[in-house]
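Written below as C-alpha cells is the structure these notes are about.
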Ligand SMILES: *[C@@H]1O[C@H](CO)[C@@H](O)[C@H](O)[C@H]1NC(C)=O
Ligand SMILES: *[C@@H]1O[C@H](CO)[C@@H](O)[C@H](O)[C@H]1NC(C)=O
C-alpha cells in the first residue's frame with residue numbers, strides 16, 4: 001500500500017537521466033520466484049534494459065556449478081512452463097523473462113553470452129545482478145550460495161560488475177502471487193535503489209574482481225518500507241587477522257555482515273567481495289566502493 005508513494009519518495013537516483021543501462025539478472029531460487037520478478041519490475045521502472053535468465057527451478061545451494069542445460073521432462077517450478085519444453089525457454093508474452101534448465105551459473109552464462117545480446121543488438125550487459133535470494137547469504141553461507149555464485153561468475157569469468165542480493169524474510173512465493181506481499185516489494189525497491197546508486201556513480205561501476213554481497217534484514221512491522229532501511233559497509237568474514245579495512249565510522253575494522261544482520265534496526269549490509277575467493281576485498285577496493293556509495297551509507301549505532 002505505501003509502495004506507490006515510495007516510488008515517488010525514493011526516485012531512482014539518476015537512472016532515467018542516464019538513460020538506463022543493460023542489466024542481466026539471475027537468481028538461484030528459480031525464474032518464477034516472486035522476489036526476482038518484483039526486482040525485475042523495479043529495475044524496469046528505474047529505466048533499465050533488463051533481461052532475466054535464471055534456473056527453471058529452485059537450485060539453491062549450487063555454488064558455482066555450471067553444466068549444459070538439458071531438456072525438461074516435467075513442467076518448470078510452480079508450473080511456470082509446460083512439460084517437455086526443451087533445455088531453455090522464455091515467457092512467450094514477456095520474452096525478457098527466461099529460464100535455463102540447469103544451475104544458476106549456467107543460467108547467468110547463457111544470459112550473458114546468448115539471451116541478453118539478442119535484446120541488445122549483440123552487446124554485453126553493463127551490470128549483472130542476482131536475487132534477491134529467499135533467505136540471507138552471510139559469511140559461511142557465501143561459498144555455497146548460487147546467488148553469490150552467479151555474481152562471482154559474472155565478475156570473475158566475464159569481467160562484468162555484479163551485485164548479489166539476499167533477503168532474510170523467507171517463505172517461497174510463486175511469480176503470480178496476488179497481492180504481491182510487501183516483503184517482495186520492499187526488497188525489490190531496496191535492490192533497485194542500490195543498483196541505481198552504483199549506476200549513478202559512473203563507470204567502471206565496480207573495481208575489477210569486485211562484487212557486492214548485499215543482505216537485507218527481515219521485512220517486519222518496523223522495517224516495512226524501503227525508507228526505513230539504512231545501509232552499512234561490512235565484511236563477509238571476520239577480520240581478526242586481516243589487514244586493516246578502509247577507514248569508516250571512526251575505525252579501520254568494518255563490522256561483519258553477521259554483526260549488521262544481528263543489529264537492532266533495519267540495517268542492510270553491503271560487503272565488498274573478492275571474486276577470486278569469495279572473501280572480503282582489500283581496503284583499496286573497499287575505499288572505491290565507499291566513495292561511490294558515499295551518502296547512502298550509515299554507521300551502526
Ligand atoms: C530452495 O531449496 C532450498 C533447499 O534446497 C530451500 O532452503 C529454499 O527455501 C528453496 N527456495 C525456494 C524459493 O523455494
Ligand atoms: C508471462 O508474462 C505475462 C505477462 O506478459 C504474465 O501475465 C504471466 O503471468 C507470465 N508467466 C510467467 C510464468 O512468467
Could you give me the residue pairs with C-beta distances under 7 Å whose first residue belongs to the range 46-64 and is closer than 12 Å to residue 91 by Cα, whose second residue is part of a strand (DSSP E or B) and more than 16 Å from ligand 2 (Cβ to nearest atom) wherever it lies, and which are 6+ apart or on separate chains? 51/24; 53/24
Do we find a residue being within 16 Å of ligand 1 (Cβ to nearest atom), crowded, with 24+ Cβ neighbours inside 10 Å, assigned to a strand (DSSP E or B) and more than 13 Å from the chain's Cα centre (by Cα) anywhere in the range 26-43? yes
Yes or no: the range 82-97 includes at least one residue that is more than 16 Å from ligand 1 (Cβ to nearest atom) and under 17 Å from the mean Cα position of the chain (by Cα). yes
Kindly indicate whether any position in the range 102-120 is within 27 Å of residue 281 (Cα to Cα), surrounded by fewer than 21 Cβ atoms within 10 Å (Cβ to Cβ) and in contact (Cβ under 8 Å) with a residue 40 or more places away in the chain. no
If I filter the range 206-222 for residues that are touching a helix residue (DSSP H, G or I) at 6+ places or on another chain (Cβ under 6 Å), in contact (Cβ under 8 Å) with a residue 12 or more places away in the chain, over 21 Å from residue 21 (Cβ atoms) and in a helix (DSSP H, G or I), do I get at least one hit? no
Which condition does residue 141 not pass, out of (1) away from ligand 2 (no atom under 16 Å from the Cβ); (2) modelled with pLDDT of 95 or more; (3) over 23 Å from residue 288 (Cα atoms), if it passes all the others? (2)
Do we find that residue 136 is within 14 Å of ligand 2 (Cβ to nearest atom) and within 30 Å of residue 186 (Cβ to Cβ) in this structure? no
Of all residues in the range 235-271, which are more than 21 Å from residue 189 (Cα to Cα), free of Cβ contacts under 8 Å to residues at least 60 places away in the same chain and assigned to a strand (DSSP E or B)? 235, 248, 251
What are the residues in the range 44-63 that are within 16 Å of ligand 1 (Cβ to nearest atom) and closer than 22 Å to residue 82 by Cβ, if any? 52, 54, 55, 56, 57, 58, 59
Taking into account only those residues within the range 65-76 that are in contact (Cβ under 8 Å) with a residue 40 or more places away in the chain and away from ligand 2 (no atom under 11 Å from the Cβ), which is nearest to residue 167 (Cα to Cα)? 65
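The values are calculated or read from the model by the stated rules, or taken from the named source; none is laboratory data. On a predicted model such as this, the values are computed, not experimentally measured, just so you know. Virtual Cβ from ideal backbone geometry, glycine too; neighbours counted across all protein chains shown.
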